[in-house]
Structures are given as structure tokens and as C-alpha cells.
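K.L.:
Starting off with a structure, shown below.
Laboratory data are not the source of any read-out in this text; all were calculated from the coordinates shown. Because the structure is a prediction, the values reported are computed rather than measured. Methodologically, a virtual Cβ is constructed for each residue, glycine included, from the backbone with ideal geometry; neighbour enumeration extends over all protein chains shown.
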Amino acid sequence: MGYSPFKCDSDTMRFIDCVNEHNSNKVASDQSTDYKKIKYDHISHQRICLDKTHYSQLVKEILSNLDGYYCGSYDKYWNYLVKISCSPAKKIAREAIGELINSADDDCDIIQYNHLLHLMDEYEYKNGK
């Protein structure tokens, strides 16, 4: 195989392809995270009422984004949950969370749902609602 000044050898091309694949996956992941934040922010500012099914799905989705206590967006995701729970889902949030607690098999999920209830109480107390 001859060397051309305009082409990389096959080992270099495999390396470049590997790096490009990793970078494109990282960019897609970051864009997905940005989209989720925009979506949650939009929902939290809505004046509409969410139904129990959509709210429960949203709670599960947001909690699944928490990769652990020290992830960079931990507080932001909890803030979205509280704002959504106390505004567009206010009428059904406590009932829906109670159902999530009763159907949960994982103790960590139950702890997170109870934590959300406490955060909602705190939010409502501070905001006089």
C-alpha cells in the first residue's frame, strides 16, 4: 500500500473514526440533556393542569435523569419537579405520588417520592400556598 500525502493510512483513519464517533455521541447526549431541560422548564411555567398519567410519567423521567447525588444537574432537576408538582400538577400531584409510592418496588424510588413530597411542603410553606 502506497502512501499518499492526501490520505491517512488505515490505522489513522480508524483512530479518527473512533474519536469522531465518541465526540458525536457526546454532542448528541448533551443536546438531549439540553432539550430535556428546556422541556421541563417550559412545563414548569405552564398554566395548564397536567393529568395524573402524564405527571407520573414526567416524575419517573425526571428522576431517571438523576445519576446520583453529585451529578451536575441534581438541584435543577429537583427544582423542575417541585415547580411542576406545585403548579401545573398541583391538583393531582400528591395523589399521583401516593400511587407511585404504593406501586414502587425499589426503596430508593420510595425515598425519592417522599423527598419530593417534603420539597413540595417546603415550597408551599415558603410561598404561602
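K.L.:
Would any residue of the range 110-129 have its amide N under 15 Å from a label point 7 Å out along Cα→Cβ of Lys90? List them or say none.
P.N.:
Under cut-off, by backbone N: 120-129.
K.L.:
Please go through the residue pairs Lys83/Lys126; Lys39/Lys91; Lys37/Lys90; Lys52/Lys83; Lys52/Lys76 and name each one whose alpha carbons sit more than 18 Å apart in this structure.
P.N.:
Lys39/Lys91; Lys37/Lys90; Lys52/Lys76
K.L.:
Okay, moving on. Round to the nearest 0.05 the FRET efficiency obtained for Lys60 and Tyr125 when R0 = 35 Å and r is the Cβ-Cβ distance.
P.N.:
It comes out at approximately 0.85.
K.L.:
Assuming 0.36 nm per residue, please report the length gained on full extension of the stretch Asp41 to Cys108 beyond their Cα-Cα distance.
P.N.:
Net length gain for the segment: 21.6 nm.
K.L.:
Please list 3J(HN,Hα) in residue order for the range 93-107, calculated via the Karplus relation 6.51 cos²θ - 1.76 cosθ + 1.60 where θ = phi - 60°; whole Hz, with x for glycine and proline.
P.N.:
Whole-Hz 3J(HN,Hα) from phi for the range 93-107: 4, 5, 5, 5, 5, x, 5, 5, 5, 5, 9, 6, 9, 9, 4.
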